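The values are calculated or read from the model by the stated rules, or taken from the named source; none is laboratory data. If you're wondering where the values come from, they're calculated on a predicted model, not measured in any experiment. Neighbour counts are summed over all protein chains in view; Cβ atoms, including those assigned to glycine, are modelled from backbone coordinates with ideal geometry. For the accessible areas, the whole protein counts, side chains as well, though only heavy atoms, and no ligand, DNA or RNA atoms are used. Shrake-Rupley method; radii C 1.70, N 1.55, O 1.52, S 1.80 Å.
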Amino acid sequence: MTDLISLEKQHLWHPFTPMQAWCDEDHEPLLLTSGQGCKLFDQHGHGYLDGNSSIWTNIHGHNHPTINAAIQAQLTKVAHTSFLGFSHEPAIQLAKKLIGLLPGSTLTRVFFSDDGSTAIECAVRMALQYWKQNGNPKRKTILSFDRAYHGDTLGAASLGGIPLFKGSGNEFGYLTRRVADLQVLEQMNSKQTETLAAVIIEPLIQGSAGMRLWPTGMLRALSSWCRERDIFLILDEVMTGFGRTGTMFACLQEAVVPDFLCLAKGLTGGYLPMAATLTSERVFEGFHGHDKTFFYGHSYTASQLGCAAALGSLQVFEEEQTLEKLPDKIQHLSHELQKLNRKAWVSEIRQCGLIAGIELHPPSNAGVAWGAHVCVSARKYGLLTRPIGNTVVLMPPLSSSLEEISQMGDAISKALNEVIPS
Ligand SMILES: *Cc1c(COP(=O)(O)O)cnc(C)c1O
């Protein structure tokens, strides 16, 4: 084991991780070796509840027999074939299922990619190219919101509002503009709005901003604002999709159907990297004509194994009535969060469905990563999660039992007791 750890420190480089501290002699990284339901096990056999659903991806728990079987069955046929010039049944079945999750026949076209960032890039490129080749080349600005997070590739990062995640600015032939809220949009004149290709937003809740909720009704009002001006609405449901907020998609809570719906993290139940950008027939038809091809895609587009896993996950939604069971779990999480709210240093708790952000406001902030301390301490009490700054994130898999949700709350409570000096 010590050999593995020293190899790890010699050769690996982790995302969003200060590597000097990681490689410190005193730091023993957890190697996660197996999972069962909401639990993950490390190299020493210790079990932990997966309190952030393996970075917001897991839906039905780990090692789920239905999803395993779906992947295994596909594996006996073929793992991956090119989607450039060919098609296959798992992609066709999955597209049909995804479209069926939205009302009527509003979004009818599915473009597959690999992760949240590429799902966003795809929507942005489609929106820009659509206007360019359909008589409205002035529309080349993508509008996004302060503190938004839409992914890490340069294109997706150029839309983000979190300075830490910013790329090197914007040299991609399109413009971005960021605003604080809907009020700013409402004050824009037609000269400003007629250059907008699309507005992009994380509906109901901004994730990487620290789990910040939009006011109720904001999404609906934004959608009307876009419709009135014929500006595309891109919904980034990379985090909120697949039941996270209590409904299959967050937009359903405000009866909004966007022009582009970007899905990734939970699409395969958290098993394999895969993403989808759903759009309307209107957008699709804007690409008819030999000189209007959408020149975009990746080697693993519509991976057969990924499609099989996603179909397996959607099957579990039906078999286990995952959505029907959510209201009790969401309420139970609220109840657990209320207990945490009484703790010293907890300044605010935000919740949307099975997503929670517990914000700490330590008296002296000076350079101490309190959120990280709390999360590391929570491991002792059987919980894995990861903070965003001083906000501790709790995002249980949708399959968590009420008891597991309580255990997660208890672990954070004990970690707070340990970290906060009395
Ligand atoms: C995680 C996330 C992304 C980026 O997804 P990746 O799979 O990490 O590229 C984009 N938008 C939101 C809202 C996310 O939470």
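Values as computed for the structure displayed
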read-out: Accessible surface of Met274 - all protein chains present, 1.4 Å probe, nearest 10 Å²; value: 10
read-out: Accessible surface, region 8-79, averaged per residue in Å² (probe 1.4 Å); value: 58
read-out: The chain - percent of accessible surface contributed by carbon and sulfur, probe 1.4 Å; value: 54
read-out: Accessible area in the full protein assembly, largest first, 1.4 Å probe, for Lys292, Lys97; value: Lys97, Lys292
read-out: Most to least packed among 3-16, 83-96 [average Cβ atoms within 10 Å]; value: 83-96, 3-16
read-out: Where only alpha carbons of region 68-319 are counted, the Rg and the Dmax (Å); value: 17.6, 58
read-out: Counting all C-alpha pairs of region 5-142, share separated by more than 27 Å (%); value: 50
read-out: GNM top mover of Lys77, Lys343, Lys380 - the chain, alpha-carbon springs below 10 Å; value: Lys77
read-out: Residue among Ser303, Ser190, Ser144 with the largest mean-square fluctuation in a Gaussian network model of the chain, springs linking Cα atoms under 10 Å; value: Ser190
read-out: Helix-only [θ]222 nm of the chain, DSSP H runs n ≥ 4, -39500 (n - 2.57) each, per residue, nearest 500; value: -10500 deg cm²/dmol
read-out: Against the rule of thumb 2.2 N^0.38 Å, how large the Cα Rg of the chain comes out; value: 1.00
read-out: Ser401 accessible area, assembled protein chains, probe 1.4 Å, Å²; value: 50
read-out: DSSP beta bridges in the chain [antiparallel fraction, %, rounded to 5]; value: 65
read-out: Net charge of neighbours whose Cβ lies under 14 Å from the Cβ of Glu25, counting Lys and Arg as +1 and Asp and Glu as -1; value: -3
